[in-house]
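Single-structure report; data block below.
The values are calculated or read from the model by the stated rules, or taken from the named source; none is laboratory data. Every value quoted in this text rests on a predicted model; they were computed, and no experiment measured them. Glycine also receives a Cβ, built like all others from the backbone with ideal geometry; neighbour counts cover every protein chain displayed. For the accessible areas, the whole protein counts, side chains as well, though only heavy atoms, and no ligand, DNA or RNA atoms are used. Shrake-Rupley method; radii C 1.70, N 1.55, O 1.52, S 1.80 Å.
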Amino acid sequence: MSLPEEIAKRRTFAIISHPDAGKTTLTEKFLLFGGAIQTAGAVKSNKIRKSATSDFMEIERQRGISVATSVMSFEYSGLLINLLDTPGHKDFAEDTYRTLTAVDSVVLVIDCVKGVEEQTERLMKVCRMRATPVIIFINKLDRDGRDPFDLLDELEEKLHISLRPMTWPVGMGKTFQGVYDLDQHHLLMFRPGGVRRTEDVLTIEGLDDPRLEEQLGSAANALREDAELINGVYDKLDIEAYHRGEIAPVFFGSAVNNFGVQEMLEAFVRIAPPPQPRPTDLRDVKPNEQMFSGFVFKIHANIDPKHRDRIAFLRVCSGKFERNTFYQHTRLHKQVRFSNPYSFMARSKEVIEEAWPGDVIGLYDTGIFKIGDTLSEGEAFTYRGIPSFSPEIFREVVNNDPMKSKQLDKGIRQLTEEGVAQLFIKEPGSKKIVGTVGELQFDVIRYRLEHEYGARSTFHHLPYYKACWITTNNPVKLQEFLRYKSDHVATDKDGNWVFFAESAWILNVSQENYPELRFHTNSEFKTEQAENAQA
Ligand code: G4P
């Protein structure tokens, strides 16, 4: 097949949700439809036990599983679908944010009882940053949830996106009878347990069809009123606006009962975008350019500590990737090639000869990759927009064994390159400050430093609220601030200045006192800088 045909065939996306909304269950149903797994329950183990805070074996086991399920590829309806897994545990949220840079669209799962939750808002914020198209699946309709109109209001308000319901529930919880497809005019009757029979799908001639009464009884009229209200209040789905991330189609269903899932999958293959152009520091790169390029969005250490090699996950963005071919590693200005790149078809790793835009490939990494690195065949550009977010928990790393300081340095450097945590260096004394989004990462770091690098360390708690990157056009003011706050500033891995604010109040006061400086809570400001430089 030609490059444009290969591109047109691919859809690369992620399912995201607040923990417990049903992401794993929905993933499993998608894979069942795609024939990638045969039995329910196969994906279930892909979760860190929710109470686990220090169960190292569990963490290790999960690392093994999460390599296998990082990318799940399957064919459906003539398309090749790459589903990128995102960790469920909130302490690994940053890993999820990075994975979102490698997809072309997402499916967001909402629990109809809980509505918008904390992690839902954060994830959507990340989607909005790059205008990622979103399909929403409102799940658990077999439970007594909130009124669907109230849910939609809440979604629009808190997620800052317009909506268009594509299906509509008839009843909920004990009175749940099914969903009505507002577009195709199907009535889909609910059967708990997910056994779908042909007679469960009723094609009707619009909402005036008297068969609605036969099926739904008195709920038929309520459905008619709801449908009228929907068509009056919500605009029709404009696919281009969906592709721009402005409007999200909404589906209702029950993942565990496999109900309403196929309808959404069918819509997904109809409307979800194929691989899209991506910004680099030089220009936007289109997938159908002949020259290969791609970027690393995730690095995974080998779970066997005897083997230090790692796996870098690379998203192909343009052209055709080929095995055993030299490509330019743009950060290192070095030609590199890979003899065993692999793909993830049907949960098994396979060495591949070639890969196309939208594909994610695993590359053995002997330590040459950092998250965000670009490989390219021609121009030396770098893909932009792999953000770091301000960590929320900070600890100073103290070496317990002076004989092992080299090992500790190497371990910390490699773990932070993998994206497990962020490292800041504070002077005087080159103190190492590690920042994470969750407590669990410190357990992972301590355990891995000891078991993989033989370095024992202690972490001292630091009472910071946020680390903010500082930018300015006024070097004099910057120096003044750095002197004034010398106890609370450090540099990040790329040498950028970072301010450790102890509270939101201190951050506000600092901003008021230094209007010439800008404080950023995520590293996307580099994108702004590049844009300013171009302007
Ligand atoms: P997550 O990956 O987003 O964290 O959620 P997951 O799919 O694991 O689902 C969380 C819980 O919600 C699971 O129950 C799952 O069975 C349940 N669930 C998913 N979809 C539905 C649905 O449509 N209706 C209802 N009633 N429940 C649903 P659990 O008790 O935590 O796990 P399990 O014992 O069922 O495996």
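Nearest 10 degrees, 0 to 90: what angle lies between the long axis of helix 405-417 and the longest principal axis of the chain (Cα atoms)?
30
Would you grab the residues whose amide H sits under 5 Å from the one on R10? Only those 5+ places off in sequence or on another chain, please, with H modelled 1.01 Å from N.
Hits under the 5 Å cutoff: L80.
Heavy atoms only, probe 1.4 Å: what % of the accessible area of segment 351-408 goes to carbon and sulfur, would you let me know?
Carbon with sulfur: 50 percent of the solvent-accessible area.
Structure shown: which of K29/K140; K125/K466; K114/K370; K29/K114 lie over 26 Å apart, alpha-carbon to alpha-carbon?
Values: K29/K140 14 Å; K125/K466 18 Å; K114/K370 38 Å; K29/K114 22 Å.
Beyond 26 Å between Cα atoms: K114/K370.
Can you list the residues, at least 5 places off or on another chain, whose amide H is less than 5 Å from the amide H of R164, using H built in the peptide plane?
HN-HN under 5 Å from R164: A248, V250.
Sort V126, V351 from largest to smallest accessible area, using a 1.4 Å probe on the heavy atoms of the protein chains.
Sorted by accessible area, descending: V351, V126.
Tally Lys/Arg at +1 and Asp/Glu at -1 over every other residue whose Cβ is under 10 Å from the Cβ of P287; what's the total? The partial results should precede the final answer.
Values: positive: R10, R278, K286; negative: E6, D104, E289.
So the surrounding residues net to 0.
Helix 440-453 versus the longest principal axis of the chain: what angle, 0 to 90°, nearest 10, using Cα atoms?
Rounded to the nearest ten degrees, it is 50.
Counting helices only, and only those DSSP H runs with n ≥ 4, report the 222 nm mean residue ellipticity of the chain as the sum of -39,500 (n - 2.57) divided by its residues, in deg cm²/dmol to the nearest 500. Don't skip to the end; give the middle numbers.
Details: 15 runs with 156 residues, N = 535.
Value at 222 nm, helices only: -8500 deg cm²/dmol.
Accessible area per residue, 1.4 Å probe, Å², for segment 410-466: what's the number?
39
In degrees from 0 to 90, rounded to the nearest 10, what is the angle of the helix 261-271 Cα long axis to the longest principal axis of the chain?
Taking the Cα atoms of the chain, the angle to 261-271 is about 70 degrees.
List, in order, the whole-Hz ³J(HN,Hα) value for each residue of segment 490-495 obtained from phi through the Karplus relation with A = 6.51, B = -1.76, C = 1.60 and θ = phi - 60°; use x for Gly and Pro.
So the J values, rounded to whole Hz, are 7, 10, 8, 4, 9, x.
Could you state the accessible area per residue of segment 197-323 in Å², with a 1.4 Å probe and every protein chain left in place?
I get 46 Å² per residue for segment 197-323.
What dipole magnitude, in Debye to the nearest 20, does the chain give about its Cα centre under +1 on Lys/Arg Cβ and -1 on Asp/Glu Cβ?
2220
From the Cα gyration tensor of the chain, with a ≥ b ≥ c the square roots of its eigenvalues, which class applies: rounded if a/c is under 1.5, or else prolate if a/b is larger than b/c, or else oblate?
It comes out prolate by the Cα gyration axes.
Relative to the Cα centre, what is the charge dipole magnitude of segment 347-483, using +1 at the beta carbon of each Lys and Arg, -1 at the beta carbon of each Asp and Glu, and rounding to the nearest 20 debye?
840
Where a Cα-Cα gap under 17 Å defines reach, which aspartates and glutamates qualify for K410, not counting those fewer than 8 residues away within the same chain?
Excluding near neighbours in sequence, the set is D309, D365, E396, D401, E418, E450, E452, D492, D494.
What is the distance in Å between the Cα centroid of segment 436-506 and that of segment 322-383?
31
Mind putting a number on the dipole of segment 285-437 about its Cα centre? Charges go on the C-beta only, +1 for Lys and Arg and -1 for Asp and Glu, and I need it in Debye to the nearest 20.
Working: 23 positive and 19 negative charges, 87 e Å.
Here segment 285-437 has a charge dipole of around 420 debye.
Spin-label point model (7 Å from Cα, Cβ direction): what's the R456 to K431 distance in nm?
Distance between label points: 2.3 nm.
Please give me the summed charge of the neighbours of E6: other residues whose Cβ is under 15 Å from its Cβ, Lys and Arg +1, Asp and Glu -1.
Local net charge: -2.
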